[in-house]
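A quick write-up on the structure given underneath.
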Amino acid sequence: MKKLIIFFIISFILAVLNGYFFNYINDAYLHFNVNYNKHQNISKSELNFIAICIAPILETLIFQHILYLILKKIKIQNDVICIVVMSVVFSSMHHYNWLYIVMTFFGGLILNNLYIYYYKHNNKYSFILTVFFHSLFNLYGFLFIM
């Protein structure tokens with residue numbers, strides 16, 4: 001259990017560093033509007049609720065759980081290939097701008113590595129721990145980065 005917690009904490013630190021790195025690149029050089037709400041009919045509080053509560057559940061279900069089962073079913077046994085494929089699919093759904101796609105690819109590498117690690121070491125809780133991680137990271141982003 002101790003290894004699972006340490007892995008969670010290290011993964012979270014890496015995810016936060018990933019967020020700060022790409023946020024710095026954006027602020028220093030690119031100046032994309034990260035607070036732009038392309039869904040004008042959704043309030044900021046509704047968008048936050050979706051990003052913190054709903055999206056992590058749906059994204060973990062689709063981009064980790066189901067996709068990993070599909071990759072295993074088609075006989076892709078190499079976890080690195082699974083992590084990269086899952087990260088490409090995950091980041092391609094976050095197409096706000098090209099920098100955000102790159103950031104979510106690296107974030108996806110962390111998230112998918114976490115999911116597969118938990119899946120192999122404690123399958124019973126891999127889904128819920130990944131959802132919790134994703135929700136916590138999105139909450140952190142809204143509280144401290146945006």
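The values are calculated or read from the model by the stated rules, or taken from the named source; none is laboratory data. If you're wondering where the values come from, they're calculated on a predicted model, not measured in any experiment. For neighbour counting, all protein chains shown are included, and Cβ atoms are generated from backbone atoms with ideal geometry for every residue, glycine included. The protein model used for the area step is the full one, side chains on, heavy atoms only, and it has no ligands, DNA or RNA in it. Shrake-Rupley method; radii C 1.70, N 1.55, O 1.52, S 1.80 Å.
So which of Ile116, Ile52, Ile110, Ile83 is touching an Asp or Glu at 6+ places or on another chain (Cβ under 7 Å), open to solvent by less than 40 Å² (accessible area, probe 1.4 Å), modelled with pLDDT of 95 or more and among the β-branched types (Val, Ile, Thr)?
Just one listed residue meets the conditions, Ile116.
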| note | Taking the range 121-146 and keeping residues surrounded by fewer than 15 Cβ atoms within 10 Å (Cβ to Cβ), touching a residue at least 24 places away in the same chain (Cβ under 8 Å) and either more than 16 Å from Ser11 (Cα to Cα) or in contact with a helix residue (DSSP H, G or I) (Cβ under 6 Å, 6 or more places away or on another chain) (or both) leaves Asn122, Phe142, Ile145, Met146
| task | Identify, by number, the condition in (1) touching a Leu at 6+ places or on another chain (Cβ under 8 Å); (2) without any contact (Cβ under 8 Å) to a residue 60 or more places away in the chain; (3) open to solvent by 40 Å² or more (accessible area, probe 1.4 Å) that His95 doesn't meet. | result | (1)
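If I filter the range 40-51 for residues that are of a type in the set (Val, Ile, Thr), more than 20 Å from Met86 (Cα to Cα), in contact (Cβ under 8 Å) with a residue 12 or more places away in the chain and not in a helix (DSSP H, G or I), do I get at least one hit?
Checking the range 40-51: not a single residue is of a type in the set (Val, Ile, Thr), more than 20 Å from Met86 (Cα to Cα), in contact (Cβ under 8 Å) with a residue 12 or more places away in the chain and not in a helix (DSSP H, G or I).
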